[in-house]
Amino acid sequence: MKPLSKNVIVAILTVLVIAIIFSNYTFKKEKPIDVNIAKVVEEIQNGSVQAIDIEGTDIAITLKDGTKQTTRKESSVSLPEVFIDYGVTAEQLRGANITVKDRSTRSYILGVILPSLLPLLLLMLVFWFMLRQMQGANSKAMQFGNSNAKEFNKEQKLKVTFADVAGAKESKEELQEVVEFLKNPKKFSDLGAKIPKGVLLMGRPGTGKTLLARAVAGEAGVPFFHMSGSEFVEMFVGVGASRVRDLFARAKKSAPCIIFIDEIDAVGRQRGSGMGGSHDEREQTLNQILVEMDGFEANLGVIVIAATNRPDVLDPALLRPGRFDRRVILDLPDINEREAILTIYAKNKPLVPEINLRRVAERTAGMAGADLMNLLNEAAIRAARRNDTKITQEDVLDSIEKVMLGPERRSSVMSKEEKKVTAYHEAGHAIIAHILPNSDPVHKVSIIPRGSAGGYTMKVPGEDKRLHKRGEFLADLAVMLGGFVAEKETFGDVTTGASDDLRKCTRLARELVTRYGMSETLGPRVFGEHQEMVFLGRDIHEQRNYSEKTAELIDLEVEKLVNGALETTRGIIRKEKMHLDKIAKALLEKEVLEKEEFDALFAGSNAVQPNTYTA
Ligand code: ADP
Ligand code: MG
Ligand code: ZN
C-alpha cells in the first residue's frame, strides 16, 4: 500500500504545480486598473500616455506616471481607427506609442496548447505510475524464489539448550549424537563414518519438537535455518522448489549448520495419494528437497531436521536411508516428565512454596508440554484475578479442570431437584470407582457444573499406563454406568444427564470387541480395517471387512458386555446404598469433595474397603 500512497502524493503535487503556473499568469503582482475606451482617449489627448500595447483584444496602457491600465476592444476593429473615431489626432496617436503584439508565445502555450495537452500528460502520468508498480511487483516476484528462512545464530540471546527441554531423555540422547557431529565433523569423517543427513522428529503437537530442534542448534552452537513446510508453498508454481534450492545454498555456505523444516507434512505428503488433494507445487517442492538432500556430500556438515505430527502421511521416499534415516519419537510426557516440565515453568512464576507439583502432574495425564505451560499460565491469570501476588495450589488444580472441562458455571442455578439428581449421579460414579479394584482411585468429586458437564468425578491413575488390561476396561464400563444406575435406583427414573456416559460406555464396549479382540465369544480378532495413525492412536475411518452375520455377533457381544457391567454396578449400588446416600449428602452440602474428604466417608467400623468386589 505504501508505494500507492506515494504515487497519490506525486499526482497531487503535479496538479498543484500546474495550478500555480496558471495562477501566476492571472495574478500579476500589480493589478492594472480597468478603464473604458473614453478614459483612454482622454488620456491620449492629455498626452499622459507612455505606451499602449495591443494583444488580441486586450489593451494595456502605461501612463507616464507609471500607472497601468487595461481595457478591451472588439476583435474586428483596429484600435487606431477607434481612437480616430473618438477624435484623436494623428499627432496625439503617435505620442501614444501604440504597439500591436501577436498573442505572446507564453499565453499561447498556456491558453491553447496546454489545455489540449493536459489530458494527454495526465494519461501518460497514469501509465507511468502503473508501469512503475508493475515493475515493483516484478522485482518482488524475482525475490519469491528466495527462501525467507529465519536464521538463528549462536550469538542469539534466546539460545535454547537441552536443559530447557524437560524429560524426553531418549530423544535428547539420540540428538546428542547429532550435536557431536556438528561440533566436530572431522572426528567422524576421519574414521570413515558418514554423518546422517536428516533427522525426523515425530510427536503429537506440543510435545516440544520445535523446542528440541532449537536446542540441538543451541547445544552445537551452529547457525540454525528455520523454515516451516507451508512457507515453501506460495501462490506461484515453482516457488517452493526454488526456495528449497536457495535455502540449501545458503545453508551450505554457513556449514556446519542445521536446516530445520517444521511441519514437513505440509510438503512431504505421500505423492499422488490424493489425500488432502494432490498438489503439483507440493510435489515439486518435495522432489527438490529430496534432490538437495541427495546432492550434498554426507560430511558437509549440514544436517536437516524435520518435524511432523503426521508421520503416517509422509512420502516413503523421505524416509528411505540417506535422507531422514534418523527418527526421534517424542512421546507425551509421563508423570515424572510432567513434573519436570512444570518445575521448569514454575521457576519464573511466583508460586507459594508449599505447592505440590507432583499432585498437578498426577492429574494431568495426557497433557503435552505445551498444555502444561498453558496450564501454569491459566493458574497465574486466576491468581491475578483473585488479586493475589502468589499462585496457590488451588489455582493450579482449578486450572486443570478448567482446561480439561471448561470453566465453572457457578452462575447457572440448578434447581434443588437437579442438584440432588446430580449429587446422586456423581456419587454413583465415585462409589463404583472407589470399590472396583481395577478402577483408578477417585481424586475429586464435584457437582459444580463445568463446561457442558453437570458435575464430574475425577479419577487419576496411580501411574501412567501404556497397556490396559481387559479387567480395567470392564471396570471403566461399570464406572461409566454408575451415574445412570444411581439415578435409577434412588429416584426410580433416569435423566438426560447420563446420556454422555452411555455413549462413551457403548463405544468402549464396541472397541473392546472390534479393536482389542477382548471378546470371549468372538475371540482374538480385530474387525474392520482401521486406517490407524500408529502412534497417534486415532482412526481416520473404518472400513468394514466382515459379514452381516459377524456384525450381528458384534452387536450381541457389545450388549453382553454392557449388561454385565450394568449388573455389577447395580449390585454395588444396592449393597452400598448407605455410602451412596452419605456421599450424595456430603456433595449437596459442600459441592466439592477432595480425595481426603471422600476417603474419610468410607472410614469407620463397617467400612467398605476398595478391592472388595471383582468385576
Ligand atoms: P511442537 O513443535 O512439538 O508442536 P513446541 O516445541 O512448539 O511443540 O512446544 C510448544 C511449547 O511447549 C514449547 O515452546 C515449550 O515451551 C513447551 N514444551 C513442550 N515440551 C516441552 C518440554 N519437554 N520441556 C519444556 N518445555 C516444553
Ligand atoms: Mg512445532
Ligand atoms: Zn456421569
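The values are calculated or read from the model by the stated rules, or taken from the named source; none is laboratory data. What you see is a predicted model, and the numbers here were worked out from it, not measured in a lab. Counting neighbours? That spans all protein chains shown, and the Cβs are built from the backbone with ideal geometry, glycine included. What goes into the accessible areas is simple: the full protein's heavy atoms, side chains included, and nothing from ligands, DNA or RNA. Shrake-Rupley method; radii C 1.70, N 1.55, O 1.52, S 1.80 Å.
The conditions are (1) modelled with pLDDT of 80 or more; (2) more than 28 Å from ILE289 (Cα to Cα); (3) not in a loop (DSSP other than H, G, I, E, B), and ALA166 fails exactly one of them. Which is it?
Looking at each condition in turn, ALA166 falls short on (3).
Failed condition for ARG358, given (1) over 25 Å from the mean Cα position of the chain (by Cα); (2) touching a residue at least 24 places away in the same chain (Cβ under 8 Å), with all others met?
(2)
Inspect all residues belonging to the range 455-475 and state whether any of them is buried (at least 16 other Cβ atoms within 10 Å of the Cβ), acidic (Asp, Glu) and either within 12 Å of ligand 3 (Cβ to nearest atom) or within 17 Å of THR568 (Cα to Cα) (or both).
Among the residues of the range 455-475, at least one is buried (at least 16 other Cβ atoms within 10 Å of the Cβ), acidic (Asp, Glu) and either within 12 Å of ligand 3 (Cβ to nearest atom) or within 17 Å of THR568 (Cα to Cα) (or both), which makes the answer yes.
Applying the selection to the range 176-205, what residues are in contact (Cβ under 8 Å) with a residue 60 or more places away in the chain, more than 16 Å from ligand 1 (Cβ to nearest atom) and either under 23 Å from ILE289 (Cα atoms) or β-branched (Val, Ile, Thr) (or both)?
VAL178, PHE181, LEU182, PRO185, LYS194, ILE195, PRO196, LYS197, GLY198 - these are the residues of the range 176-205 that are in contact (Cβ under 8 Å) with a residue 60 or more places away in the chain, more than 16 Å from ligand 1 (Cβ to nearest atom) and either under 23 Å from ILE289 (Cα atoms) or β-branched (Val, Ile, Thr) (or both).
What number of residues within the range 316-332 are in contact with an Asp or Glu (Cβ under 9 Å, 6 or more places away or on another chain) and either surrounded by 15 or more Cβ atoms within 10 Å (Cβ to Cβ) or of a type in the set (Asp, Glu) (or both)?
7
Could you tell me whether ALA379 is at pLDDT 85 or above, within 24 Å of LYS590 (Cα to Cα) and within 16 Å of ligand 1 (Cβ to nearest atom)?
On the way: at pLDDT 85 or above: yes; within 24 Å of LYS590 (Cα to Cα): yes; within 16 Å of ligand 1 (Cβ to nearest atom): yes.
For ALA379, the condition - at pLDDT 85 or above, within 24 Å of LYS590 (Cα to Cα) and within 16 Å of ligand 1 (Cβ to nearest atom) - is met.
Report every pair of residues separated by at least 6 positions or lying on different chains whose Cβ atoms are under 6 Å apart, first residue within the range 555-576 and hydroxyl-bearing (Ser, Thr, Tyr), second in a helix (DSSP H, G or I).
Partner pairs satisfying both residue conditions: THR568/ALA478; THR569/ILE432; THR569/ALA478; THR569/LEU481; THR569/GLY482; THR569/VAL485.
Quick check on GLU401: is it crowded, with 20+ Cβ neighbours inside 10 Å, within 16 Å of ligand 3 (Cβ to nearest atom), charged (D, E, K, R) and in contact (Cβ under 8 Å) with a residue 12 or more places away in the chain?
On the way: crowded, with 20+ Cβ neighbours inside 10 Å: yes; within 16 Å of ligand 3 (Cβ to nearest atom): yes; charged (D, E, K, R): yes; in contact (Cβ under 8 Å) with a residue 12 or more places away in the chain: yes.
Yes.
Taking the range 287-315 as the search range and keeping residues that are part of a loop (DSSP other than H, G, I, E, B) and under 17 Å from ILE261 (Cβ atoms), which one is most open to solvent (accessible area, probe 1.4 Å)? So that I can check it myself, show each step before the final result.
In the first step, residues of the range 287-315 are kept if they are part of a loop (DSSP other than H, G, I, E, B); the result is 296-297, 301, 309-310, 315.
With under 17 Å from ILE261 (Cβ atoms) added as a condition, the list becomes 296, 309-310, 315.
Working: PHE296: 4, ASN309: 30, ARG310: 51, ASP315: 10 Å².
For the range 287-315, the residue satisfying everything is ARG310.
Those residues that are away from ligand 1 (no atom under 14 Å from the Cβ) and surrounded by fewer than 18 Cβ atoms within 10 Å (Cβ to Cβ), I need them from the range 341-362; list them, please. Reasoning before the result, please.
Of the residues in the range 341-362, the ones away from ligand 1 (no atom under 14 Å from the Cβ) are 350-356, 358-360, 362.
Result: PRO350, VAL352, PRO353, GLU354, ASN356, ARG358, ARG359.
Given the residues VAL421, VAL413, VAL442, VAL396, which is the only one that is away from ligand 3 (no atom under 16 Å from the Cβ), touching a helix residue (DSSP H, G or I) at 6+ places or on another chain (Cβ under 8 Å) and not charged (D, E, K, R)?
Details: VAL421 fails: away from ligand 3 (no atom under 16 Å from the Cβ); VAL413 fails: touching a helix residue (DSSP H, G or I) at 6+ places or on another chain (Cβ under 8 Å); VAL442 fails: away from ligand 3 (no atom under 16 Å from the Cβ).
Exactly one residue qualifies, and that residue is VAL396.
Taking the range 173-227, which residues are hydroxyl-bearing (Ser, Thr, Tyr) and within 15 Å of ligand 2 (Cβ to nearest atom)? Steps first, answer last, please.
Start the filter on the range 173-227 by keeping residues that are hydroxyl-bearing (Ser, Thr, Tyr), which leaves 189, 207, 210.
Once the filter is applied, which keeps residues that are hydroxyl-bearing (Ser, Thr, Tyr) and within 15 Å of ligand 2 (Cβ to nearest atom), the range 173-227 yields THR207, THR210.
Considering only the range 485-516, state which residues are closer than 19 Å to ALA475 by Cβ and of a type in the set (Gly, Ala, Ser).
ALA486, ALA498, ALA509, listed by residue number.
Going by what's in this entry, would ILE431 be described as open to solvent by less than 60 Å² (accessible area, probe 1.4 Å), assigned by TED's automatic domain parsing to the domain that holds ALA584 and not charged (D, E, K, R)?
Values: open to solvent by less than 60 Å² (accessible area, probe 1.4 Å): yes; assigned by TED's automatic domain parsing to the domain that holds ALA584: yes; not charged (D, E, K, R): yes.
Spelling it out, ILE431 is indeed open to solvent by less than 60 Å² (accessible area, probe 1.4 Å), assigned by TED's automatic domain parsing to the domain that holds ALA584 and not charged (D, E, K, R).
Under 6 Å between Cβ atoms, which residue pairs at least 6 apart in sequence (or on different chains) link something in the range 320-338 that is of a type in the set (Val, Ile, Thr) with a partner that is modelled with pLDDT of 85 or more?
Partner pairs satisfying both residue conditions: VAL328/SER171; VAL328/GLU174; VAL328/LEU201; ILE329/MET202; ILE335/ALA361.
Quick one: which helices (runs of 4 or more DSSP H) lie wholly within the range 206-262 and hold at least 2 residues that are within 13 Å of ligand 1 (Cβ to nearest atom) and in contact with a His (Cβ under 9 Å, 6 or more places away or on another chain)?
Details: elements: 209-220, 229-232, 239-253.
Here the list reads 209-220.
What about MET134, is it at pLDDT 80 or above and in a helix (DSSP H, G or I)?
In short, no.
Output yes when any residue across the range 409-417 is farther than 16 Å from GLY497 by Cα and among the hydroxyl-bearing types (Ser, Thr, Tyr), and no when none is.
For the range 409-417, residues farther than 16 Å from GLY497 by Cα and among the hydroxyl-bearing types (Ser, Thr, Tyr): present.
Here is a list: ARG386, ARG338, ARG382. Which entry is more than 29 Å from ARG466 (Cβ to Cβ) and crowded, with 18+ Cβ neighbours inside 10 Å?
ARG382
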